[in-house]
Amino acid sequence: MSFIDEANVRLISGRGGDGAATFHREKHVPRGGPNGADGGRGGHITLLADRNKRTLYDFKLRAEYKADDGSKAVGNKAGKDAKDITIRVPVGTVVTDAQDGELIVDLAVEGMQYVICKGGRGGRGNLYFTNSVRQSPQFAQMGAPGDLLDAKLELKLLADVGLIGLPNAGKSTLLSVMSSAKPKIADYPFTTLSPQLGVVTVGDHTFVMADLPGLIEGASEGIGLGHEFLRHAERNKVLLHVVDAYPIDDSDPVKNFEMIEAELKQYSEEMWERPRIIALNKSDMGIPEAEEEILGRLEQYGYPIFVISAATNQGLDPLKWALWQTIEKAMESESSVPILVPTYKNEEDSLWDVEQSEEGFTITGKRIERLVAMTNLDNRDAVHYLYRKLKRIGVIEKLEDMGAVEGDTVWIGDFEFSYAGW
């Protein structure tokens, strides 16, 4: 299966069922009152972080999820709530609004749930609208529309150790011999086009290592595979910088090291400050004197350095233990991460506004738009109720203050009205 780390998906929660406008009918009870019940709630859509999911591949096969609508009320029998949908995503999935790029949720913890699209509330039956003044309401509410979200999903790996370094530095070979992973390996740049994961065993301990797409100069600005690499490296507790002691292009190993470090720092100062270990690779290909000169120049940076050969397994056991000890130290300094289960997406539903143009007036705001969408505009009593609600909220007064006169066009959501004709 391909590794997919980005996907777009449309999510649509269910609409609420309509309420009923009925009256009690029974023999010998000639003046039975209203008894219309409420409609059922539309289905929610919930995202669940699941460590058994490794990629976003499923969203390439299915680009839209829609929950069922709630059932309509029938007489005094309430409509049934629709079944909710739970979508499992890999741990480390970041969800943003594809329209404006706003961050919605970061599902960074196993088992974390987030109700990303709330099902529409069921419409109220006419029994709900009964009071001392309005004793026999002839209308009921329609169900509220559900949420529609075009979401962008982005996966950031949760590996303990991230292998960084230039393409062809030997990272894929190192991962293959330190774990059971079988990454693609070849003698040309950009062999690793997508992250590869492997589980490394050291004594009674295990940790996850990721071979990430190789960096080149300008990666922090998106050149080459830079953004793909840097996105995944953000999650690693420890970075293992693999330095090719004998590059095939005869470049300077230390200058190559410095270039990668500069790209990291330019992209994220916080990530650049992560614990770091240097692995000077391919020691089986050269002479000790040349390596001593490279080591002497690398020591000035203060990172632990291990001379290894991924091809011959030289020096790998000490490197594994050093990585595990660094991971343990990093975990000790981490604060515990609570598993957050937000109930609904936080939206300021109560805010509204009126905009004036040459064509008329446009009223915006989720609360107002939902009120209109739940109103049966063919029912005069329902329209009068809507008018009173808008007046109580202050919308009518705002229109009058802005100079609205009879016959002006007013838009609310998808609906068009004539002012003073409500």
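The values are calculated or read from the model by the stated rules, or taken from the named source; none is laboratory data. As the structure is a computational prediction, the values presented were derived from the model and not from experiment. Reconstructed Cβ throughout: ideal geometry from the backbone, glycine too, with neighbour counts over all protein chains shown.
Odds and ends about this structure:
- Single residue of the range 116-145 satisfying the filter (closer than 23 Å to E64 by Cβ and in contact with a strand residue (DSSP E or B) (Cβ under 6 Å, 6 or more places away or on another chain)) that is surrounded by the most Cβ atoms within 10 Å (Cβ to Cβ): C117
- Any chance L225 is of a type in the set (A, V, I, L, M) and at pLDDT below 50: yes
- Flag for P275 being touching a Leu at 6+ places or on another chain (Cβ under 9 Å), closer than 17 Å to A310 by Cβ and at pLDDT 85 or above: no
- Entirely in the range 348-422, the helices (runs of 4 or more DSSP H) that have 2 or more residues that are over 25 Å from R121 (Cβ atoms): 395-401
- Residue selected from the range 51-93 under the condition surrounded by fewer than 17 Cβ atoms within 10 Å (Cβ to Cβ) and β-branched (V, I, T), by the criterion nearest to the chain's Cα centre (by Cα): T86
Each row is one residue, and each column tells you yes or no for (1) under 16 Å from P145 (Cα atoms); (2) touching a residue at least 60 places away in the same chain (Cβ under 8 Å); (3) assigned to a loop (DSSP other than H, G, I, E, B).
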residue	(1), (2), (3)
A7	no, yes, no
L11	yes, yes, no
G14	yes, yes, yes
G17	yes, yes, yes
A21	no, yes, yes
A37	no, yes, yes
L47	no, yes, no
R54	no, yes, yes
G79	yes, yes, yes
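- D244 meets each of the listed conditions (1) charged (D, E, K, R); (2) surrounded by fewer than 22 Cβ atoms within 10 Å (Cβ to Cβ); (3) on the phi < 0 side of the Ramachandran plot apart from (2).
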